[in-house]
Amino acid sequence: MRFPGIIPAVITPFTADDQVDTDALRANVEAVLAGGVHGLVATGTMGEAGALTDAERRTVIETCVAVAEGRAPVVVGVSSGSTRASAAYAQMAAEAGADGVMCLPPLNYPGRRDELAAHFAAVAQAGLPIMAYNNPEASGIDLRPEAIIDLAADVDAVVAIKECSADARRIAALVNASPLEVLVGGDDWALEGFATGATGWVSGVANIAPVECVALQAHVEAGRLEEAREVYRRLLPLARLDMTPKLVQHFKGAMDAVGLHGGATRPPRLPLDEAERAVLDAAVAALREPVAA
């Protein structure tokens, strides 16, 4: 597989003077790799890609590639509202040594099949395999399973799909109707996704609890459903913060809480308020609960 297993969507830490904190990024990547994850996604939504300059994007990608050192594939988010920009980001990823790219459809443009194919074909010119990404909340477009299957037929480089519509039934539809690698795209239906045949999970929670996320997939694949449910029970309070507008603030805050490097977000993302912080604290506490006998 090109995009196997547990793939944390890496956050971008910033210094006190609002520069990309490469030391903190290196430490975070080393931590998830030590936790057994199978890949990395850089410059996605979780990485605040929309708030990064092109130079900062390159810094983040090059840092992740350097730390990974071939131990796990590095996938680069290249989504934008412009085919030219997405193709340029893909070329940047290739030049930096990345192993693949992740791409939404053109943002907020529900084009025809030929336009969608042309967009992804332009991204494919960089020579990297593509994980298409369906996230209607983020893109303004819902790629239904039949459209995803058509896209893969039209563009050979599209070999995987990150399904993030919040409809877990679509994972089964894609697994049963296409040869694509199908990855769970939302943290609070990972168990359902693995149970129906998903090959991987692009995860925010894996930044904080990589060992548990790897264990969840392993338990399901081995048929140990009681063990899988117990891991999932502890993950869910934090996982449910993924599909919210403040997912980056929540996961950066959770990373700080467990001794990793989260830190501040860039505007327009503002800090969590007191009530939101209380919800996050409870979610982190649930993760630390002892495993049930």
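The values are calculated or read from the model by the stated rules, or taken from the named source; none is laboratory data. This is a predicted model, so every value here is computed, not measured. For neighbour counting, all protein chains shown are included, and Cβ atoms are generated from backbone atoms with ideal geometry for every residue, glycine included. Accessible surface areas use protein heavy atoms only, side chains included; no ligands, DNA or RNA. Shrake-Rupley method; radii C 1.70, N 1.55, O 1.52, S 1.80 Å.
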| request: Scan the stretch 102-115 and give yes if some residue there is acidic (Asp, Glu) and over 15 Å from the mean Cα position of the chain (by Cα), otherwise no. | output: yes
Of the residues in the stretch 24-43, those that are within 22 Å of residue 258 (Cα to Cα) and either part of a loop (DSSP other than H, G, I, E, B) or modelled with pLDDT under 95 (or both) number 5
Out of (1) surrounded by 24 or more Cβ atoms within 10 Å (Cβ to Cβ); (2) more than 19 Å from residue 31 (Cα to Cα); (3) β-branched (Val, Ile, Thr), the one residue 199 does not meet is (1)
Taking the stretch 142-191 and keeping only residues that are under 23 Å from residue 237 (Cβ atoms) and surrounded by fewer than 22 Cβ atoms within 10 Å (Cβ to Cβ), one is left with 165, 166, 167, 168, 188
message = Can you confirm whether residue 138 is within 25 Å of residue 171 (Cβ to Cβ) and part of a helix (DSSP H, G or I)?
response = yes
Practice problem: Kindly indicate whether any position in the stretch 49-59 is touching a strand residue (DSSP E or B) at 6+ places or on another chain (Cβ under 7 Å) and buried (at least 21 other Cβ atoms within 10 Å of the Cβ). | Solution: no
Quiz item: Is one or more of the residues making up the stretch 211-221 part of a loop (DSSP other than H, G, I, E, B) and either farther than 17 Å from residue 152 by Cβ or open to solvent by less than 20 Å² (accessible area, probe 1.4 Å) (or both)?
Solution: no
